[in-house]
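First up is the structure itself, then whatever we jot down about it.
Computed from the coordinates by the stated procedures, all read-outs in this text should not be read as laboratory data. Source: prediction; values computed, not measured. A quick note on method: Cβ atoms are made from the backbone with ideal geometry, for glycine too, and the neighbour counts reach across all protein chains shown.
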Amino acid sequence: MTAINLSLVSLPIELVHRILDNLDDLTILMSLRNVCSRLNLIIDTYHRYQTLTMLNIANLRWKSQELPRLYNLLLNNTILVTLDLAYNRIGDEDTWSLANTLKNKKVLISLNLAKNDTGFKGAQYLADALHENTTLGAIVLEFNNIGSQGTEYLVHALNHNRVSTIYYACISYIHLNYITKSLNILNLRQNKISADGVKYLSQALQNNETLKTLVLDLNHIGEQGTQYLADGLENNKTLTMLTLEVNHIDHEGVKNLANALESNKTLAVLNLRWNQIGNQGVQYLANALKNNTMLTTLNLMVNDIDSKGVKYLTDALQHTKAITELMLEGDELGDRGTQYLANALENNNTLITLNLQENGISDEGPYCLTNALKINAKLEVLNLPRNKIHSPGLLTLVNALKYNTTLMILNLQLNSIDDDQVVRQLANNLGKDADRVFW
């Protein structure tokens, strides 16, 4: 019998496409592209290759000798817009190869190089590429080692490029002013930034016309840092979101921010989660909210706030027409604080989401909320998990849904349902409202 030697390139196009159906995108790129011109033509007509706009090859631990071939293959792809190379130990020389590709590949929009081994030389190579590449809109360089010198290369490149989002970990304070001139989003989360660093950032904010989101979570800005931020916010006309989680901010620090809110006309979201603002800090914020018409979302989770602090806040809710989302998870409101909030809900027509998870609320609080829910026609989400509400309180809240048609989510998970009979009663009472309650 004569042996038949079959070659992939000699097969009909339809059969090759069937084979490609069983291969992943990376195998098609690395093993079949550039084998011969006919196979390239066949792959060019393959539907998955024609729609390959995103390639995720993170955490594959590429060898240095493999990367230039990968970059060369990407250069010939005209539709790939998102490339994820995170967690691949890509060093400076590997970045050099990538940078040369970027100079000629003018369709890539997003590049993720987080958690690699890129140093200041690698940053220089990328910066050189950005001078010629005008399409790249987002670069992720978190947790590399670019340092101050690498930062300098990048910020100068930003003056020539449309990059609107850049994330990286080692920020030189002196260059923050340059960075903020061309960005829409600046994420400096967990960068060991102290008040001195915020000072430079504040100076940039005063004249900035592009930055909309600033993330400074898990830094060390403290009271002095908030004063610098407040100075920047007073004249800033573009920033809409400021997030300051875990920054050692106490009531004096919040006082600085509250003063800025009196005059700021653009900030819509303020996140102060996991700080130590306490009741006095809430009082400063509440006074500012009475005169602020722009802030819509306020996150005060885990801030040592009890019923006294909530009283200040609810007084402000009677006056403000802007707040739509209020998050108080992990504070110490108890039943009395819940009563203050319930009273405010009876007269408030703007609040849509209220988060009271883990606040030591027992059965008295739900009775107050039930009365408010019968009147309030605006609230859509009420979160009450991890409290101390027993069966009577839970039943009362569920029954309130008969009178309230706007509340879409009532979260009662991880409270204290006493017995199976109560569970059955809850199920019976829910009826058509079953999809609105989580318990």
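Can you give the net charge of the other residues whose Cβ lies under 14 Å from the Cβ of Q413, counting K and R as +1 and D and E as -1?
Working: positive: R386, K388, R436; negative: E329, E358.
So the environment of Q413 carries a net charge of +1.
Excluding R336 itself, calculate the net charge of residues whose Cβ lies under 11 Å from the Cβ of R336, where each Lys or Arg counts +1 and each Asp or Glu counts -1.
Working: positive: K308, K311; negative: D306, E332, D335, E364.
Spelling it out: positives minus negatives among the neighbours equals -2.
Against the chain, whose longest principal axis is taken from its Cα atoms, helix 251-263 shows a tilt of about 80°.
How high is the FRET efficiency between R189 and R89 when r is their beta carbon distance and R₀ equals 22 Å, given to the nearest 0.05? Could the numbers behind the result be given before it?
Values: r = 23 Å, r/R0 = 1.02.
With a Förster radius of 22 Å, E is 0.45.
For helix 120-132, what angle does its Cα long axis make with the longest principal axis of the chain, in degrees from 0 to 90 and rounded to 10? It is inclined by approximately 80 degrees. Amide H contacts of G91: D117, each under 5 Å away and 5 or more positions distant or on a separate chain (H built 1.01 Å from N in the peptide plane; Pro and chain starts excluded). Using a basic spin-label model with each label point 7 Å from the Cα along Cα→Cβ, how many nm lie between I375 and M408? Placing both labels 7 Å beyond Cα along the Cβ direction yields 2.5 nm. The distance between label points at N40 and Q206 comes to 5.7 nm (points 7 Å beyond Cα on the Cα→Cβ vector). For the chain, the longest principal axis of the C-alpha atoms and the axis of helix 195-205 are separated by about 80°.
Checking the cross-link filter: which lysines have an alpha carbon closer than 27 Å to that of K432, excluding same-chain neighbours under 8 positions apart? K432 reaches K374, K378, K388, K402.
Subtract the Cα-Cα distance of H390 and D435 from 0.36 nm times their separation in residues, and report this length gain in nm to one decimal. Could the numbers behind the result be given before it?
Values: separation 45, 0.36 × 45 = 16.20 nm, distance 2.10 nm.
Computed gain between H390 and D435 is 14.1 nm.
For the range 340-347, putting each phi into the Karplus relation 6.51 cos²θ - 1.76 cosθ + 1.60 with θ = phi - 60° gives couplings of 4, 5, 4, 4, 5, 4, 5, 10 Hz, in residue order, rounded to whole numbers and with x for Gly and Pro. Listed by chain and number, the aspartates and glutamates placed with their C-alpha closer than 19 angstrom to that of K237 are E209, E262; residues fewer than eight positions away on the same chain are left out. Please give the FRET efficiency for S10 paired with I109, using the beta carbon to beta carbon distance and R0 = 41 Å, rounded to the nearest 0.05. Efficiency computed from Cβ-Cβ geometry: 0.60. Just the Cα atoms of the range 56-115, one point each, no solvent: what log10 I(q)/I(0) does Debye give at q = 0.22, 0.27 Å⁻¹? Log10 of I(q)/I(0), two decimals: -0.87, -1.34.
Roughly speaking, what is the stretch gain from R336 to K321, that is 0.36 nm per residue apart minus the C-alpha to C-alpha distance, in nm to one decimal?
Computed gain between R336 and K321 is 3.0 nm.
Each Lys or Arg adds one and each Asp or Glu subtracts one; over the other residues with Cβ under 11 Å from the Cβ of A86, this totals 0.
Taking a ≥ b ≥ c as the square roots of the eigenvalues of the Cα gyration tensor of the chain, is the shape rounded (a/c under 1.5), prolate (a/b larger than b/c) or oblate? It is oblate, given that a/c is not under 1.5 and a/b is not larger than b/c. The label point for N291 and the one for E346, both projected 7 Å from the Cα toward the Cβ, are 3.0 nm apart.
Tell me the mean residue ellipticity at 222 nm calculated for the chain from its helices only (DSSP H runs of n ≥ 4, each -39500 (n - 2.57), averaged over every residue, nearest 500). Mind dumping the intermediate values first?
Values: 17 runs with 179 residues, N = 439.
So the helix-based figure for the chain works out to -12000 deg cm²/dmol.
Counting only residues at least eight positions apart within a chain, or on another chain, the lysines with an alpha carbon under 24 Å from that of K105 are K63, K115, K121. Give me the number: length gained by fully extending S362 to I57, i.e. 0.36 nm times residue separation minus the C-alpha to C-alpha distance, one decimal in nm. My answer for the length gained is 104.8 nm.
For the chain, what's the relative contact order in percent, using C-alpha pairs closer than 8 Å and at least 6 residues apart? Can you show the working numbers first?
Working: 983 pairs, mean separation 27.0, N = 439.
Reported relative contact order: 6 percent.
Once the mean of 1/r is taken over each pair of separate Cα atoms and inverted, the range 21-76 shows a Kirkwood hydrodynamic radius of 12.1 Å.
When the chain is described by a simple charge dipole with +1 on each Lys and Arg Cβ and -1 on each Asp and Glu Cβ, the residue from L85, T370, V254 located farthest towards its positive end is L85.
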